[in-house]
Amino acid sequence: MKAPTQILPPTNWQDFEELCKRIWENKWGYPDDIKRNGRAGQSQNGVDIYAYVESKKGYCGIQCKGKDNFTNKQMTTAEIDKEINNAKNFTPALKSLTFATTAPKDAKIEEHVRIRNIENIEKGLFSISVFSWEDIVSLIEQYKSVKEWYVYEKLQTSKPNIKILLNDQEATKEAPVILTPEYTRQAIFFEYDSFAMYTTAVDIINSRTDTKKGNIVKLSFDITNNGDFLENCVFSVELKKSSRHKFRSENLLEKMNSPYIIKDYYMQTAKEFTLHGGLTKTIEFDMEFSEMPNEEEILLECCFTSKQNEKPYCTNLFIKSMPIITELPQRTIKTNEPNKNDYRIEIKPKNL
């Protein structure tokens with residue numbers, strides 16, 4: 001399996017802590033007692049992961065700082081100072097404290113850490129260092145076992161925790177969304193001044209014609225993110241089962257040149273969007289029903305992808321078309337130009 005060209009940060013703090021644990025397990029020479037410190041909600045004295053490191057002749061700690069890397073949110077000097085003071089209470093006393101963060105490199109933060117490191121060493125306290133996401137990526141590349149776990153297993157198998165509703169419904173096979181495109185049907189008779197070219201009854205019946213424009217129905221897709229922040233989101237819909245209907249191509253957004261676009265889908269909302277945890281993105285499409293209304297089952301395949309999950313997450317949504325046809329009164333047209341359309345039926349969308 002080919003690795004992504006860019007290694008992305010984890011989408012949750014649990015995976016980031018596990019990643020840091022595996023990296024420093026390698027970096028510290030596989031200590032037997034490398035552990036996470038306590039559990040969520042407990043005081044951790046500035047340390048999330050710790051181990052006794054032989055080369056340091058004492059305990060070393062890691063403070064994991066997951067940041068919203070997608071908006072370039074950084075650690076602050078006040079945040080660093082607070083955790084350094086907390087780490088002074090760790091027992092037994094630390095030999096080193098490492099800040100590991102998903103935030104990008106920042107010269108000011110690195111300078112501040114260097115200054116605090118010298119101050120601590122002069123006081124006989126633990127050393128201090130910081131690893132930004134770029135530094136962590138270098139370590140991932142350096143340690144084969146970490147790369148195999150994180151890149152080939154964790155990233156490649158990630159699946160978004162999203163829910164897709166169609167017109168506020170789940171649209172399953174057992175409970176499909178019911179759409180009722182409305183049409184009018186009208187019988188039209190032609191009267192001529194001359195009946196010289198009047199055709200037989202069979203010709204009259206076979207000469208019926210229908211309007212070539214179908215009815216337009218708006219579909220609303222609600223995409224709810226029940227997980228972590230997602231970026232470069234793309235949503236696509238393909239009409240999998242229906243020979244008569246189509247989507248209105250003029251309503252589709254312009255395709256963008258993006259490596260995260262879902263390939264081989266003829267209908268796409270290629271304009272990327274972000275999807276924060278707990279929020280919903282609504283996307284609307286116009287669906288054009290056939291000019292020949294009929295009751296029919298329609299299957300849509302909806303696919304979602306984002307920067308955090310390069311493999312599309314696809315699901316099927318089911319629709320049942322139950323057209324409503326209103327019969328209009330018979331209409332008569334008088335004309336001086338005889339033709340074979342002596343009688344016909346017109347079916348038109350009701351909203352036209």
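Observations, loosely collected:
Results for (1) surrounded by 13 or more Cβ atoms within 10 Å (Cβ to Cβ); (2) among the acidic types (D, E); (3) in contact (Cβ under 8 Å) with a residue 60 or more places away in the chain; (4) in contact with a Pro (Cβ under 9 Å, 6 or more places away or on another chain), shown as yes or no for each residue.
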| site | (1), (2), (3), (4) |
| --- | --- |
| S129 | yes, no, no, no |
| W133 | yes, no, yes, yes |
| W149 | yes, no, yes, no |
| K154 | yes, no, yes, yes |
| I164 | yes, no, yes, no |
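- Which listed residue, of T71, T76, T98, is in the same structural domain as V137 (by TED's automatic domain parsing), at pLDDT 95 or above and out of contact with any helix residue (DSSP H, G or I) (no Cβ under 7 Å at 6 or more places or on another chain): T98
- Scanning region 304-334 for residues that are hydrophobic (A, V, I, L, M, F, W, C), surrounded by fewer than 19 Cβ atoms within 10 Å (Cβ to Cβ) and either touching a Leu at 6+ places or on another chain (Cβ under 6 Å) or not in a strand (DSSP E or B) (or both) yields M322, L328.
- Among residues of region 276-303 being hydroxyl-bearing (S, T, Y) and surrounded by fewer than 18 Cβ atoms within 10 Å (Cβ to Cβ), the one that is farthest from N225 (Cα to Cα) is T282.
- Check on T184, at pLDDT below 90 and touching a Lys or Arg at 6+ places or on another chain (Cβ under 6 Å): yes
- Hey, I178 farther than 30 Å from Q74 by Cα, β-branched (V, I, T) and either in contact (Cβ under 8 Å) with a residue 12 or more places away in the chain or buried (at least 17 other Cβ atoms within 10 Å of the Cβ) (or both) or not: yes
- Among the residues here, A51 does not qualify as assigned to a loop (DSSP other than H, G, I, E, B) and buried (at least 16 other Cβ atoms within 10 Å of the Cβ).
- Tabulated pairs, region 113-126, first surrounded by 12 or more Cβ atoms within 10 Å (Cβ to Cβ), second among the basic types (K, R), C-beta under 8 angstrom, 6+ apart or interchain: L125/K88; F126/K95
The values are calculated or read from the model by the stated rules, or taken from the named source; none is laboratory data. Note that the structure is a prediction, hence the values are computed from the model and not measured. Don't worry about glycine lacking a Cβ; one is built from the backbone with ideal geometry, like all the others, and counts go over all protein chains shown.
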